[in-house]
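Remarks on the structure that follows.
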Amino acid sequence: MSEELDLTKLPTEEIVLQIKDDLYDGLAAEVVAAVKELLRRGLTPYEVLTGSLVAGMDVVGADFRDGILFVPEVLMAAKSMKAGMEILRPLLVETGAPQIGTLVIGTVKGDIHDIGKNLVAMMMEGAGFKVVNLGINVDAEKFIGAVKEHKPTLFGMSALLTTTMPYMGVVIKALKEAGLRDDLIVLVGGAPLNAAFAEEIEADAYCRDAAIAVETAKKLVALKRGV
Amino acid sequence: MRTALIACGALAREVLALKAKHEWQADVLAVPSLLHNTPDRIPQAVARRIREARAVFDRVIVVYGDCGTGGRLDALLAAEGVERVAGPHCYEMYANGQFQAMMDRAPGTFFLTDYLARSFDHLVVERLGLARHPELRDDYFANYTKVVYLAQEDKPELVAKAEWAARALGLPLEVVHVGYGALESRLVEMMKA
């Protein structure tokens with residue numbers, strides 16, 4: 001967005017388009033300004049989130065998948081969405097925006113890579129899930145503790161290393177032993193994973209990227225609830 | 001008997017050095033190392049090289065790790081009946097049995113090899129967009145605690161490059177002269193067989 005652009009003079013639908021463009025270009029300050037302007041005009045935080053930020057990130061996700069955008073651009077877009085979310089998060093709570101369910105997510109033990117996992121967490125939050133992000137290097141005990149405490153619908157694990165991905169199987173086994181597995185939809189992701197691996201460790205789905213994680217989560221939650 | 005050593009571009013220089021050292025009757029056919037950014041494409045690229053090699057060579061050995069292919073490279077090689085040097089990735093090969101212990105001690109270790117020290121500017125700074133967006137450094141590397149340079153050759157200019165890389169990441173550097181580690185011992189065994 002150019003510096004001389006006066007948001008107050010733009011029609012609302014143009015500001016929405018502008019937010020999507022600014023997200024795409026990774027312009028956090030501009031996204032924040034436009035979010036504030038839409039709220040000032042009386043749009044609900046939920047409308048701003050879904051109609052502008054999430055819709056904008058969907059375009060980013062699709063272009064990443066199609067090889068048009070690369071990781072740096074996606075991260076800059078994500079930082080911009082995060083900046084917009086900082087404004088919206090407290091307002092979403094205040095206004096009682098709809099929540100689809102809870103997701104407990106973490107990067108497995110021995111692994112400190114969290115870029116993809118954090119993108120998933122942010123996109124899931126944008127899609128209306130309450131997200132409990134356990135961070136990196138999470139062992140089975142901590143995962144199980146979080147499941148007992150937060151009683152999530154969804155359970156997500158991430159790993160970037162060939163050497164750490166088998167630990168996902170260890171966690172799923174531990175969830176089974178604790179009698180918790182059947183209540184959860186287990187999603188896994190990370191560069192070295194694939195659908196066959198997810199099936200082998202008895203996860204419910206492998207998600208190739210954040211946008212697919214959201215899509216899969218919504219679909220499986222709806223199926224589970226018989227919607 | 002002539003052997004084709006189909007090697008990842010990140011290992012090609014080292015495999016050439018081993019070929020010269022051990023006087024193997026072999027040629028090294030490289031596959032672009034940048035495919036690591038899109039590991040899905042590695043099996044297909046290796047398969048192409050295998051087909052080319054089979055027309056000319058008596059034996060084919062693939063010098064790759066699993067390299068993020070999630071077992072797809074090994075599935076392809078099993079179907080093709082081609083051997084691969086063992087190991088999940090080059091760090092494990094070079095670290096010669098010490099990789100897991102190093103990771104257990106410090107999961108936030110960023111590894112460099114000679115190849116990565118040489119190519120850090122291109123592969124990390126440029127490819128990850130750090131030159132354009134220096135503010136992304138913490139998004140990528142905040143969880144790392146140190147850089148370990150697993151050095152193959154003992155060259156001060158490579159150590160200087162590793163020092164520069166560590167400074168660029170804002171992390172302390174540890175230099176470990178490992179040579180070719182298990183890459184050499186495993187390949188020597190395979191070439192003997």
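Worth a mention:
- Residue in segment A:13-25 that is surrounded by 17 or more Cβ atoms within 10 Å (Cβ to Cβ), touching a residue at least 12 places away in the same chain (Cβ under 8 Å) and farther than 23 Å from A:ASP63 by Cα present: no
- Verdict on A:THR107 being within 30 Å of B:CYS90 (Cα to Cα) and not in a strand (DSSP E or B): no
- Of the residues making up segment B:99-116, those that are within 21 Å of B:ASP139 (Cα to Cα) and either more than 11 Å from chain A (Cβ to nearest Cβ) or not aliphatic (A, V, I, L, M) (or both) are B:PRO107, B:GLY108, B:THR109, B:PHE110, B:PHE111, B:LEU112, B:LEU116.
- Residue within segment B:78-87 that is touching a strand residue (DSSP E or B) at 6+ places or on another chain (Cβ under 7 Å), at negative phi and modelled with pLDDT under 95 present: no
- The strands (runs of 3 or more DSSP E) located wholly in segment B:33-151 that include 3 or more residues which are open to solvent by less than 40 Å² (accessible area, probe 1.4 Å), touching a residue at least 12 places away in the same chain (Cβ under 8 Å) and assigned by TED's automatic domain parsing to the domain that holds B:ALA17 occupy B:59-63.
- Within segment A:150-179, considering residues that are more than 30 Å from B:GLY65 (Cα to Cα), over 21 Å from the mean Cα position of the chain (by Cα) and open to solvent by 30 Å² or more (accessible area, probe 1.4 Å), the one farthest from the other protein chains (Cβ to nearest Cβ): A:GLY179
- Odd one out for B:ALA12, checked against (1) buried (at least 17 other Cβ atoms within 10 Å of the Cβ); (2) in contact (Cβ under 8 Å) with a residue 40 or more places away in the chain: (2)
- Filtering A:GLU73, A:GLU47 for residues that are in contact (Cβ under 8 Å) with a residue 40 or more places away in the chain, of a type in the set (Asp, Glu), open to solvent by 10 Å² or more (accessible area, probe 1.4 Å) and in a helix (DSSP H, G or I) leaves a single hit, A:GLU73.
- Among the residues of segment A:191-209, those that are closer than 24 Å to A:ALA78 by Cα and at pLDDT 95 or above comprise A:ALA205, A:TYR206, A:CYS207.
- A:GLU86 meets the conditions (1) open to solvent by 60 Å² or more (accessible area, probe 1.4 Å); (2) under 17 Å from the mean Cα position of the chain (by Cα); (3) within 14 Å of chain B (Cβ to nearest Cβ); (4) not hydrophobic (A, V, I, L, M, F, W, C) in every case but one. The failed one is (3).
- Of all residues in segment A:103-119, those that are away from chain B (no Cβ under 11 Å) and open to solvent by 30 Å² or more (accessible area, probe 1.4 Å) total 1.
- Members of segment A:49-83 found to be more than 14 Å from chain B (Cβ to nearest Cβ) and closer than 14 Å to A:GLU125 by Cβ, listed by number: A:LEU49, A:THR50, A:LEU53, A:VAL54, A:MET57
- Looking only at segment B:176-185, and only at residues there that are under 18 Å from B:GLU23 (Cβ atoms) and part of a helix (DSSP H, G or I), the one that is nearest to the chain's Cα centre (by Cα): B:LEU183
- Whichever residue in segment B:22-32 is among the aliphatic types (A, V, I, L, M) and open to solvent by 10 Å² or more (accessible area, probe 1.4 Å) and, among such residues, is nearest to B:LEU128 (Cα to Cα): B:ALA30
- Check on A:VAL188, in a strand (DSSP E or B), at pLDDT 95 or above and within 14 Å of chain B (Cβ to nearest Cβ): yes
- When restricted to residues that are of a type in the set (A, V, I, L, M, F, W, C) and either assigned to a loop (DSSP other than H, G, I, E, B) or open to solvent by 80 Å² or more (accessible area, probe 1.4 Å) (or both), segment B:152-175 contains 2.
The values are calculated or read from the model by the stated rules, or taken from the named source; none is laboratory data. A quick note: this is a predicted structure, and the numbers were derived from the prediction, not measured. Because the Cβ atoms are built from the backbone with ideal geometry, glycine has one as well, and the counts that use them run over all protein chains shown. For the accessible areas, the whole protein counts, side chains as well, though only heavy atoms, and no ligand, DNA or RNA atoms are used. Shrake-Rupley method; radii C 1.70, N 1.55, O 1.52, S 1.80 Å.
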